[in-house]
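Following: one structure in structure tokens, then a few remarks.
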Number of protein chains: 4
Amino acid sequence: MGLAMDVAGLNGFIERAFPQVAGQIRVESLDEVLVARLVVDDSHLRPGDTISGPAMFALADVAIYLAILARIGEVALAVTTNASIDFMRKPQAGRDLLAECRILKLGRQLAVGDCLIRSEGQPEPVARCSMTYAIPPGRG
Amino acid sequence: MGLAMDVAGLNGFIERAFPQVAGQIRVESLDEVLVARLVVDDSHLRPGDTISGPAMFALADVAIYLAILARIGEVALAVTTNASIDFMRKPQAGRDLLAECRILKLGRQLAVGDCLIRSEGQPEPVARCSMTYAIPPGRG
Amino acid sequence: MGLAMDVAGLNGFIERAFPQVAGQIRVESLDEVLVARLVVDDSHLRPGDTISGPAMFALADVAIYLAILARIGEVALAVTTNASIDFMRKPQAGRDLLAECRILKLGRQLAVGDCLIRSEGQPEPVARCSMTYAIPPGRG
Amino acid sequence: MGLAMDVAGLNGFIERAFPQVAGQIRVESLDEVLVARLVVDDSHLRPGDTISGPAMFALADVAIYLAILARIGEVALAVTTNASIDFMRKPQAGRDLLAECRILKLGRQLAVGDCLIRSEGQPEPVARCSMTYAIPPGRG
């Protein structure tokens, strides 16, 4: 499938649309799979040097959203309608998280994607997440 | 079922265990149902005056976790293993969110709870969330 | 909210639209909450006298779907797009299952409902399920 | 990871443990990924020549369960505790379904796997499913 946006375009979009996470989340690479990084800092940690669930949720949400925009372009204003997440292992302290996302469905009304989240350099996933987005009518 | 902790005890626990959200999330009431409040501020907002998904996720996660601790006591260190969330309506701008939580299962290894989240004063829920927590062995 | 169908109408619809489950699933009562019964027989059992996951899934799916139709009428052809289910306890052998469903959102494009499933006469739920349905355009 | 069971062993297990689905569900191949087939017949169909949600749920549940047993052996009696499923496209009439499963976590207490389900010969997935199983203590 052709792509409507590239890595630089998506990272520019993060800065404009999600200023709260700009500097924390950025797209690393994009082809069939989009890889996004969470630059882990103290604000993401919970006692026991683990990364908070909401921080992982935010990474998955932004990353899958961007993987959709990469295909349909920036005009859309998709809204998350459903998320399912499995937290499977404790992330490694002191390592960024990488989310590897794929788009499974891109319909007129609904888009579905999922991702695996890993601590950088570790093979075993720390979380799995699938999300559904409602796409507003009238795009493109 | 008897309760191991009360509202003041749970709010004290938030301050010690979740300093990042202390002042933002607090328990309002507790009986069969636990009600927790997210004091909405600018850090929770997204463009369009909506409240971010991660902020709602965090509210649900903390609130259901506290509803479990209210029953088994502070000694436990439960870990979220699964979350499923439906975002159903846009929250009302300028209103706090209230999460109404119930515990559906409290087993030796797993606990399950769910919640409805509403904008304060609005009847229609903005989100629904269910979560599973793994309870470490040897509690009690 | 006004209801577009009653218990008899819904049970007649099951016979026409879901002949495979007619005689197994029926609506017991309907107001804010819809209660549906699974008449448990050998076809639903798994080794250890437990009721199969797919049988509980089918009960939840039909029951929440009917709770939506009760509100929007038989004309609609809604499609299940997402289901999340927690299996929490082993059902009691030799007892029917009752699913208690509520509709949480009834939008133009998406409807969301959830249910608790119990063995008849038992207070503790055996399963919790939430489902989303896409509603085709042009109804009503 | 070494495998404790092979394709023939898993298919023999289906016949003994799940007689209701024997002849309908069988393992096709097994390495890092397990592929299982649902031999679609009239009992799986719904009006409009679509395959019922419970039939897809059953395929995913059996297939991921077998992918776990392939690793830990037949002795275990794992129980499904959570399932999340996205129904994304209508299956093709007259084609079997193939579920492609991977195990994401195999812990002492919990195992997590997911699968994509496709109509045979079609590239686009019709459903995505993730499931968690509780593993009883004392195995192996």
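The values are calculated or read from the model by the stated rules, or taken from the named source; none is laboratory data. None of the values given here were measured: they were computed from a predicted structure. So basically every Cβ, Gly included, is an ideal-geometry build from the backbone, and we count neighbours across all protein chains shown. These area figures cover heavy atoms from the full protein model, side chains too; ligands, DNA and RNA do not enter into them. Shrake-Rupley method; radii C 1.70, N 1.55, O 1.52, S 1.80 Å.
A few notes on this one:
- For B:SER130, the criteria (1) in a strand (DSSP E or B); (2) at pLDDT below 95 hold in every case but one, which is (2).
- Residue in region A:51-61 that is among the β-branched types (Val, Ile, Thr) and within 25 Å of B:SER43 (Cα to Cα) present: yes
- C:LEU98 open to solvent by 10 Å² or more (accessible area, probe 1.4 Å), within 12 Å of the chain's Cα centre (by Cα) and touching a residue at least 40 places away in the same chain (Cβ under 8 Å): yes
- Residue ID - nearest to A:ASP61 (Cα to Cα), chosen from residues in region A:1-36 that are touching a strand residue (DSSP E or B) at 6+ places or on another chain (Cβ under 6 Å) and touching a residue at least 60 places away in the same chain (Cβ under 8 Å): A:ALA36
- Scanning region A:33-45 for residues that are modelled with pLDDT of 95 or more and either out of contact with any helix residue (DSSP H, G or I) (no Cβ under 6 Å at 6 or more places or on another chain) or open to solvent by 30 Å² or more (accessible area, probe 1.4 Å) (or both) gives A:VAL33, A:VAL35, A:ARG37, A:VAL39.
- Only a single item in (1) away from chain A (no Cβ under 14 Å); (2) at pLDDT below 95 is not met by D:ARG108, and it is number (1).
- Qualifying residue in region A:106-126 (condition: open to solvent by less than 20 Å² (accessible area, probe 1.4 Å), among the polar types (S, T, N, Q) and outside any loop (DSSP other than H, G, I, E, B)): yes
- Selection from region A:46-56 of residues that are within 16 Å of B:VAL21 (Cα to Cα) and open to solvent by 30 Å² or more (accessible area, probe 1.4 Å): A:ARG46, A:PRO47, A:THR50
- Counted residues, region D:57-95 - those being surrounded by fewer than 19 Cβ atoms within 10 Å (Cβ to Cβ) and among the acidic types (Asp, Glu): 1
- Of the strands (runs of 3 or more DSSP E) lying entirely inside region B:1-88, those containing at least 1 residues that are under 16 Å from B:ILE135 (Cβ atoms) are B:79-87.
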